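See below for the structure under consideration.
The values are calculated or read from the model by the stated rules, or taken from the named source; none is laboratory data. Model, not experiment: these values are computed from the prediction. Cβ sites come from the backbone with ideal geometry, for glycine too, and all protein chains shown count toward neighbours. Note: areas computed on protein heavy atoms with side chains; ligands, DNA, RNA excluded. Shrake-Rupley method; radii C 1.70, N 1.55, O 1.52, S 1.80 Å.
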Amino acid sequence: MEAETFSDIRGQPITLDCQRHSSFCSEFTVSSPKVSIGKVMAYTCSVWLLAYFLFFFTQNTAVLSSAILVTLVGMVLHIHFVKVDHESLLVIGSLGIQVSSSYASGREITSFIEMGRIKDIVINEAVYMVLLCSSVTSDQVTSGNQV
């Protein structure tokens, strides 16, 4: 099946790709656009302009150094913990559901929920991409590989 394009709650395009691997195995993948270089430049310029403005009045070079560090640390934290490239939901017949999230930095988080512990599944758009709401009989979810 071809990928379908939708909009998230912020109006950004997201794509849904549905693949049926066999009669008892289906995969649903939601992807978001890559990090916009224009936004990165705008945030960087605004932080540095504020730093140069403060430097003009204080004549303290620590202001410029801290602006560079704040910008770099902020970008690294954003792509490693916030910016999700794609999320996938792999449903395997009578075994269970595997939920995977891939971040812009390459970090992946995978968890598996056994079918016996699932009562119902609802897929709902959330703050970042897609939130998987499932009624699980116990609070324990088996974590898979984390890169």
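Laid out as a table, the results:
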read-out	value
Residue pairs meeting the criteria (Cβ under 8 Å; at least 6 apart or on separate chains; first farther than 12 Å from THR29 by Cα, in region 92-109; second among the acidic types (Asp, Glu))	LEU95/GLU114; GLY96/GLU114; TYR103/ASP85; ALA104/ASP85
Condition check for ARG20: out of contact with any His (no Cβ under 9 Å at 6 or more places or on another chain), under 25 Å from ILE109 (Cβ atoms) and in a strand (DSSP E or B)	yes
Matching residues, region 24-62, being open to solvent by 100 Å² or more (accessible area, probe 1.4 Å), without any contact (Cβ under 8 Å) to a residue 12 or more places away in the chain and either under 30 Å from the mean Cα position of the chain (by Cα) or in the same structural domain as ALA104 (by the TED database) (or both)	ILE37, LYS39, MET41, LEU49
Subset tally (residues that are in contact with a helix residue (DSSP H, G or I) (Cβ under 8 Å, 6 or more places away or on another chain) and in a helix (DSSP H, G or I)) for region 33-67	15
Residue satisfying all of: in region 92-129; of a type in the set (Val, Ile, Thr) and open to solvent by less than 40 Å² (accessible area, probe 1.4 Å); modelled with the lowest pLDDT among these	ILE118
